[in-house]
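Visitor: To start, I am sharing the structure in question, which I have written as structure tokens.
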Amino acid sequence: VQLQASGGGLVQAGGSLRLSCAASGRLLGTYVMGWFRQAPGKEREFVAGITRGGGRTFLSDSVKGRFTISHDGAKNIVFLQMNSLKPEDTAVYYCALDTPGPVVRTVSRFYDYWGQGTQVTVSS
């Protein structure tokens, strides 16, 4: 299984970005796709997760109300829509896959596959 993340960039505070993560390879049964982020000098933190088909989602308190996670089950793509971005959202964002899930877990060690990361920079 491979994960390919895209969509990062530079945006002003209050702006929006949409990240995408495409999963390729053999995906059977249940799984959870998640997003984590890591800012310089900080530990990687959970941002959002979604079960296959989008039945269940979970977002961290720090992004709730501003970020939305969605999933195209037919194409195995997960999206992270980020609105009202703040400078503290600046980080490298990683998508990850937890097989078989089936519940959204917020701890990175449960995720088996990781994308390469995409930089998000929010200027003040």
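Visitor: Just the accessible area for residue 10, please: 1.4 Å probe, Å², rounded to the nearest 10?
Guide: Using a 1.4 Å probe on the heavy atoms, I get roughly 130 Å².
Visitor: Assuming 0.36 nm per residue, please report the length gained on full extension of the stretch residue 12 to residue 38 beyond their Cα-Cα distance.
Guide: The span from residue 12 to residue 38 would gain 7.5 nm if fully extended.
Visitor: Straight-line reach only, C-alpha to C-alpha below 16 angstrom: list the aspartates and glutamates that residue 64 could link to, leaving out same-chain residues fewer than 8 apart.
Guide: Result set, ordered by chain and number: 45, 88, 89.
Visitor: Along the positive direction of the dipole of the chain (beta-carbon charges: Lys, Arg +1; Asp, Glu -1; about the Cα centre), which of 58, 102, 47 reaches farthest?
Guide: Looking along the dipole axis, the top candidate is 102.
Visitor: Let me ask something else about it. Scaled to the compact-protein estimate 2.2 N^0.38 Å, what is the alpha-carbon radius of gyration of segment 1-88, rounded to two decimal places?
Guide: Normalised Rg, Cα atoms only: 1.10.
Visitor: Tell me which of 90, 116, 30 sits at the most positive position along the dipole axis of the chain, charges placed on C-beta atoms (Lys, Arg +1; Asp, Glu -1).
Guide: Working it through, the farthest residue towards the positive pole turns out to be 30.
Visitor: May I ask you to give the percent of accessible area on the chain that is carbon plus sulfur, with a probe radius of 1.4 Å?
Guide: 48
Visitor: What is the dipole size for segment 1-63, taken about its Cα centre, with +1 at each Lys and Arg Cβ and -1 at each Asp and Glu Cβ, in debye to the nearest 20?
Guide: Dipole about the Cα centre, nearest 20: 200 debye.
Visitor: Hey, in the GNM for the chain with a 10 angstrom Cα cutoff, which one of 16, 70, 62 fluctuates hardest?
Guide: Ranking 16, 70, 62 by mean-square fluctuation puts 62 first.
Visitor: Now for a separate question. Keeping all protein chains in place, calculate the accessible area per residue for the chain (probe 1.4 angstrom), answer in Å².
Guide: 51
Visitor: Among 109-120, 44-55, what's the highest-first ranking by average C-beta atoms within 10 angstrom per residue?
Guide: Answer by packing, highest mean first, reads 44-55, 109-120.
The values are calculated or read from the model by the stated rules, or taken from the named source; none is laboratory data. Computed from a prediction, not measured in an experiment: that's the story for all the values here. Cβ coordinates were reconstructed from backbone atoms using ideal geometry, including for glycine residues, and neighbour counts include every protein chain displayed. These accessible areas exclude ligands, DNA and RNA; they are computed on the full protein's heavy atoms, side chains included. Shrake-Rupley method; radii C 1.70, N 1.55, O 1.52, S 1.80 Å.
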